[in-house]
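All remarks here apply to the structure that follows.
Coordinate-derived values only; no laboratory data. The structure presented is a predicted model; accordingly, all values stated were derived computationally and were not measured. FYI the Cβ positions are ideal-geometry reconstructions off the backbone, even for glycines, and counts take in every protein chain you see.
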Amino acid sequence: MSDASSDSLLLRQCRLAHQSADDPLVDIAIEAGRIAAIAPHLDRPTEHTLAVNGQLVSPPFVESHIHLDSVLTAGQPRWNQSGTLFEGIDIWRDRKQNLSLEDVKTRAITALKLQAQQGVLFVRSHADVSEASLTALKALLEVREAVKDWITLQVVAFPQDGIYSHPDNEARLEEALKLGADVVGGIPHYELTREDGVRSVHRIFDLAERYDRLIDIHCDEIDDDQSRFLEVVAACAIRCSCGSRVTASHTTAMGSYNNAYAFKLMGFLQRTSINFIANPLINITLQGRTDTYPKRRGVTRVKELWQSGFNVSLGHDCIQDPWYSLGTGNMLDVASMAVHVCQMTGLEEINACYDMVTHHGARTLHLKDYGLEVGNAANLIVLDAADRYDAIRRRPVVKAVISQGRLLVETEPAQTQWH
Ligand code: 17E
Ligand code: FE2
């Protein structure tokens, strides 16, 4: 397979990620960018054939939470020594003084390519809008357009320094929506006071309604058990009956709430259908920094939220930035970390962690047309794995990435030779 512009493509002998081991392998026919048929033995004329040979075929990974404006800046202008969220924000405040459109676009596209070659075709990125020129946002809107033929990017207007911490930030957030940001963001736990935090959540819901946008709030990303903005988000979602359009990202304080409060809160949350995003790679390193021992994990209650039926997805959050100097862009690294940190080691739980970087992320992003079904856009990946569990355990290479019906990338697994 090499002609990347083929109109019709047949994938032979695919093991679908969500089928069970005894289901038969299937062929997948792709025509004019769509999945035209899925059945055990398809016999139809096709321009190109890809022999999958029983390997895993999955819908693409969904990166539901990343900050593409800050990727690949670790160490600029200095390393995060304390490892805390707050030192990260301070370092970024210095770095963002000399952003240019070119700087942000180059780094963002490098990161998107890194992710796409590892099977990510849908991304939600935050763009910091608490700086006068809105360079990060403008750059990511340009990137959204530049990459749209091979990867779908959603941009969140994210007021990193708070909406009320600076007299101009509220207007900057609204300007970002006028410029075309897809999603309204916020950071209530970093507003100057609790009252400002509550007010910021109300303002975010107002703006989302006025501009008809989704909501994704960095919410309670702190170990403080008194950080309780999730209840404000829940209240607003109950009142607008718009919970499925709302996402609470991080919510790490939930890991520190006492069970009596968490139990009551869960009841309120049940009256909404808000989405949750956990970022286990970075929050396992950012949180717990003021603890001695025992040391908290600082990750939200992923397992309990999932068991209660909430839509939970997982994000990378960072690739080499002031908050996290590591990161490969591989969503299986994220899922693997969730399995460990959230103790989701039951087989169904491991499979759920795979779903959190695929279907659940798609639901959070309100993607239409996602999944391996006839009629949907032909976005899919071939993994050198037997099933979802094997994929998370070994994190193997994504051998082929098909985007909008077109073969976008192929990667050969490494070969080992014993002598
Ligand atoms: N900004 C923030 O508030 N929290 C984070 N985890 C990152 C940036 C990466
Ligand atoms: Fe984040």
By how many degrees, 0 to 90 and rounded to 10, does the Cα axis of helix 347-356 deviate from the longest principal axis of the chain? 80 degrees
Under 23 Å Cα to Cα from K303, which lysines show up? Leave out anything in the same chain fewer than 8 places away. K264, K295
Applying a 10 Å radius around every beta-carbon, put 158-166, 37-45, 176-184 in order of their mean neighbour count, most first. 158-166, 176-184, 37-45
For E348 and T411 in one chain, what is 0.36 nm times their gap in residues minus the Cα-Cα distance, to one decimal in nm? 19.8 nm
Cα-based helix-to-principal-axis angle, 101-116 vs the chain, degrees rounded to 10: 50 degrees
With N set to the number of residues, divide the alpha-carbon radius of gyration of region 221-336 by 2.2 N^0.38 Å and report two decimals. 1.08
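Just in region 345-419: which GluC sites (Glu not before Pro) are loop by DSSP and have at most 11 other Cβ atoms within 10 Å?
Values: sites: E348, E349, E373, E410; in loops: E373.
Counting only loop positions with at most 11 other Cβ atoms within 10 Å, the GluC sites (Glu not before Pro) in region 345-419 are E373.
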Run the quick spin-label model on A260 and E175: label points 7 Å from Cα toward the beta carbon, then report their separation in nm to one decimal. 4.8 nm
Which of E145, E304 has the fewest Cβ neighbours within 10 Å, and the rest in rising order: E145, E304
Pairing the Cα long axis of helix 259-270 with the longest principal axis of the chain, what angle in degrees results, from 0 to 90 and rounded to the nearest 10? 60 degrees
Can you pull out the chymotrypsin sites (Phe, Trp or Tyr not before Pro) in region 328-419 that DSSP calls coil and that have at most 13 other Cβ atoms within 10 Å? W418
Reciprocal of mean inverse Cα separation for the chain (Kirkwood radius, Å): 21.9 Å
Using only helices, what value at 222 nm comes out for the chain when you add -39,500 (n - 2.57) per DSSP H run of length 4 or more and divide by the total residues, to the nearest 500 deg cm²/dmol? -10000 deg cm²/dmol
Filter the GluC sites (Glu not before Pro) in region 181-216 down to the DSSP loop ones having no more than 16 other Cβ atoms within 10 Å, then list what survives. none
Could I have the simple spin-label model distance between Y211 and S82, label points 7 Å from Cα toward Cβ, reported in nm to one decimal? 3.1 nm
Cross-link partners among lysines for K368, C-alpha distance below 20 Å, same-chain residues fewer than 8 apart left out? K148
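Students often check this: by mean Cβ neighbours within 10 Å, which of 114-121, 19-26 ranks highest, and how do the rest follow?
Details: 114-121: 23.5, 19-26: 11.9.
So the order, starting with the most tightly packed, is 114-121, 19-26.
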Can you give the extra length, in nm with one decimal, that the chain gains between A51 and S325 once fully stretched, where that is 0.36 nm per residue apart less the Cα-Cα distance? 94.8 nm
Any chance you could check the Cα centroid distance between region 34-100 and region 394-413 for me, in angstrom? 13 Å
Pop the C-beta distance of D390 and R194 into the FRET formula with R0 = 60 Å and round what comes out to the nearest 0.05. 0.80
By the rule of another cysteine's Cβ lying under 4.7 Å, the cysteines of the chain that fail to get a partner are C14, C219, C236, C318, C342, C353
